[in-house]
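In what follows, a structure is listed as structure tokens, so that the remarks can point back to it.
The values are calculated or read from the model by the stated rules, or taken from the named source; none is laboratory data. Keep in mind the model is a prediction, meaning the values are calculated, not measured. Don't worry about glycine lacking a Cβ; one is built from the backbone with ideal geometry, like all the others, and counts go over all protein chains shown. Each accessible area value is taken on the protein alone, full model and side chains, heavy atoms only, with ligands, DNA and RNA left out. Shrake-Rupley method; radii C 1.70, N 1.55, O 1.52, S 1.80 Å.
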Amino acid sequence: MSEADDFIGWINSSLRQAEVALHDGDSAPRRALWSRQEPVSILGAWRNAFGQQEVDDAFAILEKAFSNCTSYTFELQAYDVVGDMAYTAGLEHISTSVDGQPRSYTLRVTQVYRREDGEWRVAHRHADTVAE
């Protein structure tokens, strides 16, 4: 298996499972996949965060807002792996409840990853809502 195949396998398994858990109200799996090294950042559809504390705070807020994820798909449009760095760009199609109200939406998402101690970790996320 190539380095790129291994990375995409991680995206389609561990990262996907963490996103489903977050949209079901559990941020722990997502947090476990994020880098604990600075810099980390989010330019998010809901809020921005810079540094560990703000990222942790953002995940706590999202965890409280989301529940009952009924569908999550990631439509990968581009990616690359170069040494210990990688990126993905694509669309997240999500059906979940936000503050108890069912919602379906699509996010345009770009993420940057670092390999730390042999494991991929998210270092940056940029997401915005796609107008439907």
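Data table
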quantity	calculated
Euclidean distance between Cα centres, the stretch 8-50 to the stretch 86-111, Å	12
Spin-label zone in the stretch 97-132 - amide nitrogen under 17 Å from a point set 7 Å from the Cα of Q17 along the C-beta vector	119-122
Mean residue ellipticity (222 nm) of the chain, computed from DSSP H runs ≥ 4 via -39,500 (n - 2.57), nearest 500	-7500 deg cm²/dmol
Hz values of 3J(HN,Hα) by residue in the stretch 20-27 - Karplus curve (6.51, -1.76, 1.60), Gly and Pro given as x	4, 4, 4, 6, 9, x, 10, 8
1.4 Å probe accessible area per residue over the chain, in Å²	52
Spin-label model distance (nm) - N48 vs V98, 7 Å beyond Cα toward Cβ	1.9
Accessible carbon and sulfur surface of the chain relative to its total accessible area, %, 1.4 Å	49
Sum of side-chain charges, Q37 neighbourhood, beta-carbon under 11 Å (Lys, Arg +1; Asp, Glu -1)	0
Per-bin percent of Cα-Cα distances, the chain [10 Å]	13, 46, 34, 7, 0
Computed over the stretch 1-87: relative contact order in percent, which uses C-alpha pairs under 8 Å that are six or more apart	30
Assigned charges on the beta-carbon of Lys, Arg, Asp, Glu; the chain dipole about Cα centre (debye)	240
Label-point separation, A127 to S2 (7 Å along Cα→Cβ), nm	2.9
